[in-house]
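Student: Attaching a single structure in structure tokens format; questions to follow.
The values are calculated or read from the model by the stated rules, or taken from the named source; none is laboratory data. Remember, predicted model here, so these are calculated numbers, not experimental data. Neighbour counts run over all protein chains shown; Cβ positions are idealised from the backbone, glycine included. Surface areas here come from the heavy atoms of the whole protein model, side chains and all, with no ligands, DNA or RNA. Shrake-Rupley method; radii C 1.70, N 1.55, O 1.52, S 1.80 Å.
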Amino acid sequence: MIDYSEILPRLEKALGMRYRDNPDILNVPGTSVACKVDPFAYVAPRPAFVAFLAKWAATPLAVTEETLVRTGNLLVDAAHARLDGPVAILTDGSPRVMRMPIDVVPASFIDRAVMLYGGEQSPLPVSRLRVLLSEKARIDAFFSGKTPLLDVAYAAPGGAGVDMP
């Protein structure tokens, strides 16, 4: 039986210490293993985030993934599936759209890691990475029964985002 209460802190510590040594692993679109898209969620390229985290924590990939999913630190839908297919993303203000498979990670997991072990005094800010506005209905469907990504997570090519109330 896997002891998630032992593995999860190990994953947090590995992520935070790696961040302390190289802050570009988070929040730098095109470079990082995860970028914060709203105050409550990061998106991470799949399978890179889980694979790097497993390597840094010296934990088997399957155990790392299972630990994150079972503890709610890697979001899945009601059928326990990760977000299906590539998602269109872009850097805020850029016309260049990229499509890639992504995972959604609650900000609490990553922010806790960087504050406890990475030397940050507060949670990281929202990055410039955005999900293409045309993906909103699909992403909202994935979040069915959960709090969806906030509007700030979305943008259209060239910088037209969703207006916040």
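Student: In degrees between 0 and 90, to the nearest 10, how far off the longest principal axis of the chain does helix 61-70 point, with axes built from Cα atoms?
Tutor: Once rounded, one gets 70 degrees.
Student: Return the calculated 222 nm mean residue ellipticity for the chain, to the nearest 500 deg cm²/dmol, obtained by summing -39500 (n - 2.57) across DSSP H runs with n ≥ 4 and dividing by the residue count.
Tutor: -10000 deg cm²/dmol
Student: Once Lys and Arg get +1 and Asp and Glu get -1 on their Cβ, which of C35, A141, M1 lies farthest toward the positive end of the dipole of the chain?
Tutor: Selected residue: C35.
Student: Give the long-range amide H neighbours of R46: residues separated by 5 or more places, or on another chain, with amide H under 5 Å away, using H modelled in the peptide plane at 1.01 Å from N.
Tutor: Amide H neighbours of R46: I102, D103.
Student: Follow-up. Can you order the peptides 67-73, 17-23, 32-38 by their average number of other Cβ atoms within 10 Å per residue, highest first? Each step should come with its number before you reach the end.
Tutor: Details: 67-73: 18.3, 17-23: 16.6, 32-38: 24.0.
Ranked from most to least packed, the peptides come out as 32-38, 67-73, 17-23.
Student: Given +1 on the Cβ of Lys and Arg, -1 on the Cβ of Asp and Glu, and no further charges, what dipole in debye does the range 1-118 carry about its Cα centre, rounded to the nearest 20?
Tutor: It comes to approximately 240 debye.
Student: Using mean Cβ contacts within 10 Å as the protection proxy, how do 83-91, 55-63 order, highest first?
Tutor: Final packing ranking: 83-91, 55-63.
Student: Let me check I've understood the local charge: for P157, count other residues with C-beta under 12 angstrom from its C-beta, Lys and Arg +1, Asp and Glu -1. What total comes out?
Tutor: Residues close to P157 contribute a combined charge of +1.
Student: Okay, next question. Just round it to a whole percent: the fraction of Cα-Cα distances in the range 4-67 exceeding 13 Å.
Tutor: So the pairs more than 13 Å apart make up 62 percent of the total in the range 4-67.
Student: Which value, in Å², gives the accessible area per residue of the range 4-143 when a 1.4 Å probe is used on the protein heavy atoms?
Tutor: Per residue, the range 4-143 has an accessible area of 46 Å².
Student: Here's another thing I want to ask about it. Quick one: go through the range 77-113 and flag any residue whose amide nitrogen is under 12 Å from the point 7 Å out along the Cα-to-Cβ line of L61.
Tutor: What the label zone holds, given the 12 Å backbone N cut-off, is no residue at all.
Student: Work through the residues other than Y117 whose Cβ is under 12 Å from its Cβ and net out their charges, Lys, Arg +1 and Asp, Glu -1.
Tutor: Working: positive: R10, K13, R18, R20, R112; negative: E12, D21, D111, E120.
Taking every other residue near Y117 into account, the sum is +1.
Student: Continuing with the same structure: Is the shape of the range 71-143 best called rounded, prolate or oblate, per the rule: a/c under 1.5 gives rounded, else a/b larger than b/c gives prolate, else oblate, with a ≥ b ≥ c the square roots of the Cα gyration tensor eigenvalues?
Tutor: Oblate, because a/c is 1.5 or more while a/b does not exceed b/c.
Student: How large is the charge dipole for the range 14-56, taken about the Cα centre, if only the Cβ atoms of Lys, Arg (+1) and Asp, Glu (-1) carry charge, to the nearest 20 debye? Kindly include the intermediate steps, with their values, before the conclusion.
Tutor: Working: 5 positive and 3 negative charges, 26 e Å.
It comes to approximately 120 debye.
Student: I need the calculated FRET efficiency for the pair A48 and M1, taking r as the beta carbon distance and R₀ as 30 Å, to the nearest 0.05.
Tutor: 0.60
Student: Here is a follow-up. Once phi is turned into ³J(HN,Hα) by the Karplus curve 6.51 cos²θ - 1.76 cosθ + 1.60 with θ = phi - 60°, what whole-Hz value does each residue of the range 91-107 show in order, with x for glycine and proline?
Tutor: 8, 3, x, 9, x, 7, 9, 10, 10, 7, x, 10, 10, 10, 10, x, 4
Student: Calculate, in nm to one decimal, what V97 and R138 gain on full extension: separation in residues at 0.36 nm each, minus their alpha carbon distance. Display every interim value, and only then the final one.
Tutor: Details: separation 41, 0.36 × 41 = 14.76 nm, distance 1.68 nm.
Working it through step by step, the gained length comes to 13.1 nm.
Student: Follow-up. Where the accessible area of the chain is counted over protein heavy atoms with a 1.4 Å probe, how much of it, in %, is carbon and sulfur? Write out the running numbers ahead of the final one.
Tutor: Working: 4690 of 8120 Å².
Roughly 58 percent of what the probe reaches on the chain is carbon or sulfur.
Student: Excluding P95 itself, what net charge comes from residues whose Cβ is under 15 Å from its Cβ, given Lys and Arg +1 and Asp and Glu -1?
Tutor: On the way: positive: R96, R99, R128, R130; negative: D92.
Once positives and negatives cancel, what remains is +3.
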